[in-house]
Amino acid sequence: MNIKSSWLKSGFVDEPVPTNIDLIQEINRIKKEKNAIIMGHYYQKDELQDIADFVGDSLALAQQAATTNADIIVLAGVHFMGETAKILSPDKTVLVPDLNAGCSLADSCPPDAFKEFVENHPGHTVLTYVNTTAKIKALSDIVVTSTNAKSIVDSLPKDEKIIFGPDRNLGNYLNGITGREMVLWNGACHVHEKFSVEKIVELKKEFPDALVLAHPECKKPLLILADYVGSTAALLKFSINSEAKQFIVATESGIIHQMKKACPDKEFIPAPPNDSTCACNDCEYMKLNTIEKLYNCLKYEWPTIEVSEDIRVEAVKPINRMLDISEKFGL
């Protein structure tokens, strides 16, 4: 296949999509023909979640990537998720709709600087959040997600010295609930950093019965205010099982689609950001993916995710440790 220079410049297949076809039907046809599976993250646009064969958080996507029998994995998410799938399934073709779909949290942890940080703290076990590049995972002892982070930290000896990166908010939250004193890398997610505690307090006055649900990537004052703190999957599960009828959701707004599907009788209110002029509770990277880009990437089998074998061999070790511990705890 010839990869056009315009594709390389754009970071996605910029071919026009026929207007006389049923995109959903055509995607499903090509997917079946090529033995492909579409995996979508909870933060994707509604139509991408709906067409995906599997929708989940980072842990669930990694577990699925490790066990799928598909020849092609289309990862509708951000770049590091595609890398994780490729690390776990090196023999499969891994596609993403748009190479520009990066991650502010992953970008906040440059490999060279993190390597120096680790070297400056000898004798520490290195735990890194899954929201990192393959090169950071290759420098790690165990990868964690917000779903399994507490269980993994708790599984380590109480006197073990630990580095945690790159999310300082999640790290602070884990230190608080585990009693650890992990050394934290100073990184953060641009979406979760921007939620306004003051505006949520105002919302609570308007909706006094609403429960505040918050992701642990949020700042500490918001986590103290929240009625429930948990991973994306945990927030979804809580909203389904709770008897409450209204929720203020402090995480990326994409999860609200699944919440509404599961609980059509309940009301879900996106937590407001500090800047009321932007849709800052949307991840600008996640939302780069579209149904048209998904169609083209599946049709032309590009953009592909590649991870050099030397990095992959090192990066798969901490991911497998995460998956093994998660299985042990039934996560």
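The values are calculated or read from the model by the stated rules, or taken from the named source; none is laboratory data. Since we're looking at a predicted model, the values are computed, not measured. Counting neighbours? That spans all protein chains shown, and the Cβs are built from the backbone with ideal geometry, glycine included. With ligands, DNA and RNA removed, areas are computed over all heavy atoms of the protein, side chains included. Shrake-Rupley method; radii C 1.70, N 1.55, O 1.52, S 1.80 Å.
List of remarks:
- Label corresponding to log10 I(q)/I(0) by the Debye sum over Cα atoms at q = 0.06, 0.11, 0.13, 0.15 Å⁻¹ when calculated from the structure given, among [x] -0.29, -0.85, -1.06, -1.23; [y] -0.21, -0.71, -0.99, -1.29; [z] -0.44, -0.78, -0.98, -1.17: [y]
- Shape call, the stretch 103-248: gyration tensor on alpha carbons, a/c limit 1.5: prolate
- Remark: for residue pairs LYS115/LYS135; LYS194/LYS219; LYS204/LYS245; LYS137/LYS219, the C-alpha separation exceeds 20 Å in LYS137/LYS219.
- Given charges at beta-carbon only (K, R positive; D, E negative), |dipole| of the chain in Debye: 280
- Of the residues VAL183, PHE54, PHE80, the one whose Cα sits farthest toward the positive end of the charge dipole of the stretch 48-198, with +1 on the Cβ of Lys and Arg and -1 on the Cβ of Asp and Glu, is VAL183.
- Cα shape, the stretch 171-295, gyration tensor, a/c 1.5 rule: rounded
- Other residues whose C-beta falls under 12 angstrom from the C-beta of SER140 contribute a net charge of +3, scoring Lys and Arg +1 and Asp and Glu -1.
- Amide proton proximity set for ILE269, modelled H, under 5 Å, gap of 5+: PHE247, ILE248, VAL249
- Reducing the stretch 1-45 and the stretch 71-105 to their Cα centroids gives an inter-centroid distance of 14 Å.
- Of the beta bridges in the chain, as assigned by DSSP with both residues counted there, near 5 percent are antiparallel.
- Taken along its principal axes, the alpha carbon cloud of the stretch 2-76 reaches lengths of 34, 27, 24 Å, longest axis first.
- Globularity ratio of the stretch 143-192, using Cα Rg and 2.2 N^0.38 Å: 1.07
- The orientation-averaged projected area of the convex hull spanned by the Cα atoms of the stretch 83-137 comes to 4.6 nm².
- Computed over the stretch 28-141, the quotient of the alpha carbon radius of gyration and 2.2 N^0.38 Å is 1.16.
- Neighbour-limited loop hits for trypsin sites (Lys or Arg not before Pro), the stretch 198-263 (at most 13 other Cβ within 10 Å; DSSP other than H, G, I, E, B): LYS245
- Anisotropy class of the stretch 228-331 from Cα gyration tensor, a/c 1.5 cut: oblate
- For the stretch 1-105, trypsin sites (Lys or Arg not before Pro) are listed when DSSP marks them as loop and at most 13 other Cβ atoms sit within 10 Å of their Cβ; the list is empty.
- Counted by Cβ distance under 13 Å from LEU61, the other residues give a net charge of -2, where Lys and Arg count +1 and Asp and Glu count -1.
- To put it simply, the accessible area of the chain at a 1.4 Å probe is 50 percent carbon and sulfur.
- Looking at the stretch 134-241, the accessible area is 42 square angstrom per residue; that uses a 1.4 Å probe and ignores ligands, DNA and RNA.
- Net charge in the neighbourhood of PRO122 (other residues with Cβ under 15 Å of its Cβ; Lys, Arg +1, Asp, Glu -1) is -2.
- Our coupling estimate for the stretch 187-192, obtained by passing each phi through the Karplus curve with A = 6.51, B = -1.76, C = 1.60 and θ = phi - 60°, is x, 7, 8, 5, 6, 5 Hz, Gly and Pro reported as x.
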